[in-house]
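The values are calculated or read from the model by the stated rules, or taken from the named source; none is laboratory data. Worth saying up front: this structure is predicted, and the values here are computed from it rather than measured. Neighbour counts run over all protein chains shown; Cβ positions are idealised from the backbone, glycine included. To get the accessible areas, we keep the full protein, side chains included, count just its heavy atoms, and leave off ligands, DNA and RNA. Shrake-Rupley method; radii C 1.70, N 1.55, O 1.52, S 1.80 Å.
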Amino acid sequence: MLSHLRLPALAPVLALALALPLAGCAADADDDQESSGSSSAVEIQNCGHTVTVEAPPERVVLVNNDPVANLEALGAIDRVVAITADLQEGLYDDATYDALGSLDLLSTETNATGGSVVSQEALLGAEPDLVIAPENAVDRAALERAGIPLYVPTAYCNDPSPELSETATFDRVWTEVRDLGTILGESERADEVVADGEAELAAETAPDAGTAVALYVSSGGSVLSPYGGPSMVTPVFEAAGLTNVYAESDERVFDVNVEDVLSRDPGTIVLLYSGGDPQETLDAFASAPGVDDLAAVRDGRVVALPFSYTDPPSVLSLQGPAQLRELLAGLG
């Protein structure tokens with residue numbers, strides 16, 4: 001109907017006059033948006049690469065679930081749009097299980113180390129603006145060409161920096177939380193998480209509980225893999241009153257024979273498991289030849305702890321000491 005109305009002759013002049021200041025405002029708004037856009041871009045160093053995000057990511061793809069606890073702590077679970085595996089029970093808030101349990105799992109293949117590898121097509125199909133994955137699980141260069149930043153948890157760098165071969169402390173957790181907070185635009189919240197974590201650790205004390213080894217058992221008990229000084233096992237053990245018998249090793253994880261474990265005579269054996277029934281891990285270890293000669297086995301000091309409470313570094317590592325103390329108390 002308005003197209004049939006006739007405007008007074010002055011209307012075009014008034015319209016132009018009104019449009020000019022509005023155009024100026026629009027230009028100012030564009031300038032503000034450009035300024036805001038440039039100021040929101042952040043860079044961090046990660047596994048020897050510079051990771052740049054132009055704005056806080058809103059569509060995050062996870063290749064393995066190790067970062068879930070840190071994302072939960074940063075209030076960013078709602079940004080996850082694709083995962084590669086179901087969550088292990090008992091580790092996260094109910095809301096996290098509800099949010100991620102409704103997502104379709106990306107198809108994966110298994111690499112030489114038993115990790116998940118995702119095809120570039122599957123990743124791009126999820127339309128991410130950030131991928132969080134072990135470095136050997138994705139093609140970093142291909143993601144960069146597609147304009148998608150990759151963040152690698154430092155435990156999964158292909159070529160770790162020299163400091164990652166040093167004995168780990170809970171500073172590894174603080175670094176992971178702050179780096180993710182920077183990428184996600186949640187730096188203030190990250191600082192709060194770190195402050196709360198430091199206070200929690202400072203409030204905990206544990207009596208000396210002797211020596212221990214953390215083992216990952218695979219191939220039906222035939223392969224024993226202890227965690228050394230650079231793994232989060234070492235500070236988690238220390239906070240629980242335990243001394244890691246492999247703390248002097250500069251390797252995060254490696255394979256040994258039973259004789260090597262025997263030579264170190266750990267007072268407690270902590271078996272790390274990634275999911276399922278912990279009894280399966282206990283049974284697999286018990287079936288390994290030679291373990292009956294270990295004093296910890298004869299004394300009944302063998303416990304199973306979810307892997308996520310130790311390594312790689314996350315806010316779940318902060319719960320590791322309390323989980324271990326509870327297990328130790330159950331030994332009598």
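Relative to the current alpha-carbon distance between H49 and A95, full extension at 0.36 nm per residue lengthens the span by 13.2 nm. Taking 7 Å steps out from each Cα toward its Cβ at S218 and E204 produces label points 2.7 nm apart. Placing +1 on each Lys and Arg Cβ and -1 on each Asp and Glu Cβ, with no other charges, gives the chain a dipole about its Cα centre of roughly 460 debye.
Our estimate of slack between L331 and D104, defined as 0.36 nm per intervening residue step minus the Cα-Cα distance, is 77.7 nm. Note on F254 and S165: their simple-model spin labels are 1.1 nm apart, each label 7 Å out from Cα toward Cβ.
Between R59 and R145, the modelled labels are 2.0 nm apart [label points 7 Å from Cα along Cα→Cβ]. Solvent-accessible area assigned to carbon and sulfur over the stretch 259-308 amounts to 45 percent, based on a 1.4 Å probe.
For the chain, the fraction of alpha-carbon pairs lying more than 27 Å apart is 52 percent, rounded to a whole number. Across T243, T281, the residue with the most accessible area heads the list, and the full order at a 1.4 Å probe is T243, T281.
Comparing A239, P128, L62 along the charge dipole axis of the chain, the residue lying farthest to the positive side is P128, per the Cβ-charge model. Taking amide hydrogens as modeled 1.01 Å from N in the peptide plane, which residues meet the under 5 Å criterion relative to T310, leaving out close sequence neighbours? Amide H neighbours of T310: none. Antiparallel versus total DSSP beta bridges in the chain: what percent is that, nearest 5? DSSP beta bridges in the chain are roughly 40 percent antiparallel.
Accessible area per residue was computed with a 1.4 Å probe on protein heavy atoms; D171 scores about 90 Å².
Near the amide H of L106, within less than 5 Å, lie the amide hydrogens of I83, T84, all on another chain or at least 5 residues away, with H placed in the peptide plane. What's the angle, to the nearest 10 degrees (0 to 90), between helix 171-184's Cα axis and the longest principal axis of the chain? The angle comes out near 20 degrees. Relative to the Cα centre, the charge distribution of the stretch 70-213, modelled as +1 at Lys and Arg Cβ and -1 at Asp and Glu Cβ, gives a dipole magnitude of about 500 debye.
Scanning residues 5 or more positions from S231 or on other chains, those with amide H under 5 Å from its amide H are A168, with H placed 1.01 Å from N in the peptide plane. Taking Cα atoms only, the orientation of helix 320-329 departs from the longest principal axis of the chain by about 30 degrees.
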